[in-house]
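What follows is calculated from the coordinates using simple rules that are stated; it is not laboratory data. Just so we're clear, the structure is a prediction, and the values are computed from it rather than from any experiment. Neighbour counts are summed over all protein chains in view; Cβ atoms, including those assigned to glycine, are modelled from backbone coordinates with ideal geometry.
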Amino acid sequence: MSTVSAPPTTTTPPVGVVETPAAKAKRKLTSPWASLIAVVLAVLWTLPTFGLLVSSFRPPAAIRRTGWWTIFTDPALTLDNYRAVLSTDDGGAGLGDYFVNSFIITIPAVVIPVTLAALAAYAFAWIKFPGKDFLFVMVFALQIVPLQVTLIPLLTLYVDAGIAGTFWPIWLSHSAFALPLAIFILHNFMKEVPATLLEAARIDGAGHIAIFFRVLLPLLRPALAAFGIFQFLWVWNDLLVALTFAGGGNAVAPLTVALANLTGTRGTAWHLLSAGAFVSIIVPVTVFLASQRYFVRGLLAGSVKG
């Protein structure tokens, strides 16, 4: 009884077949060596975060004597570090209030620029008005302006307006800094929508408002989600803008400002610093891991045709 063996699998193309650059790149990226390198890079990238997590649960004496890797031979863990950084009693860091402030700052600083950018991108993409191309070029050029050069002029305006030391300067500043990039991304996405789709809506009697909310907005969800995640991570991790416009008070200071103060006042309290640092990163890490597919889909939306 004879058996017929299956032909050996190979990643190389058959003889005489011309391999496209895209296929060649895909073959290289899916090779075992590429997978091994990706796993090694992922481990090396995650190792410091894992060490920070382990240190946040170790007692102060153990942190001073040994490294975090000794947790495998001496598994001494405690929750006192997190109680100390979140509590205001007995000399605690009291990061709980700053944690709430970070949410109060981040959510409006994401909603405001996303809403305004979507409306502005629609106007630049599908509404004809004088000077549209010039204004769009000016908006695009604002991306290369360093935000550091605008801090003092903006702070002067906020002080003159009497809103310094409140949440409004932080909201307005983050929104202004995010609008150029948001408008550019959403504009490019909208331009990829077929014009025949909008013409069909106009034939049915839809105006600009109906077209935006009923036709384009459902299609914009990947791009809106991508930029919303990007803006959330940026605002949550921001220190410079918050430190400049919070007015030096704790009432509106976010978590990053509290961590900076904790570093300056308790430079040797590594158990508090590690626990506080992990409290600050747990939210952006959770947001990114939970919505990374929307982030990648939005970044790639409209970039490839065919």
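For the range 37-184, what's the relative contact order in percent, using C-alpha pairs closer than 8 Å and at least 6 residues apart?
That works out to 21 percent.
Using the Karplus equation 6.51 cos²θ - 1.76 cosθ + 1.60 (θ = phi - 60°), what ³J(HN,Hα) coupling, rounded to whole Hz, does each residue of the range 141-147 give in order, writing x for Gly and Pro?
After applying 6.51 cos²θ - 1.76 cosθ + 1.60, I find 5, 5, 5, 8, 7, x, 5 Hz.
Between Phe72 and Ile107, what FRET efficiency follows from the Cβ-Cβ distance if R0 is 25 Å, with the result rounded to 0.05?
About 0.05, to the nearest 0.05.
Nearest 0.05, what FRET efficiency do Lys132 and Leu157 give at R0 = 25 Å with Cβ-Cβ as r?
0.35
Hey, with R₀ at 25 Å, roughly what FRET efficiency would Ala61 and Val285 work out to, going by the Cβ-Cβ distance, to 0.05?
So, using R0 = 25 Å, E works out to roughly 0.30.
Calculate, in nm to one decimal, what Ile37 and Gln143 gain on full extension: separation in residues at 0.36 nm each, minus their alpha carbon distance.
34.7 nm
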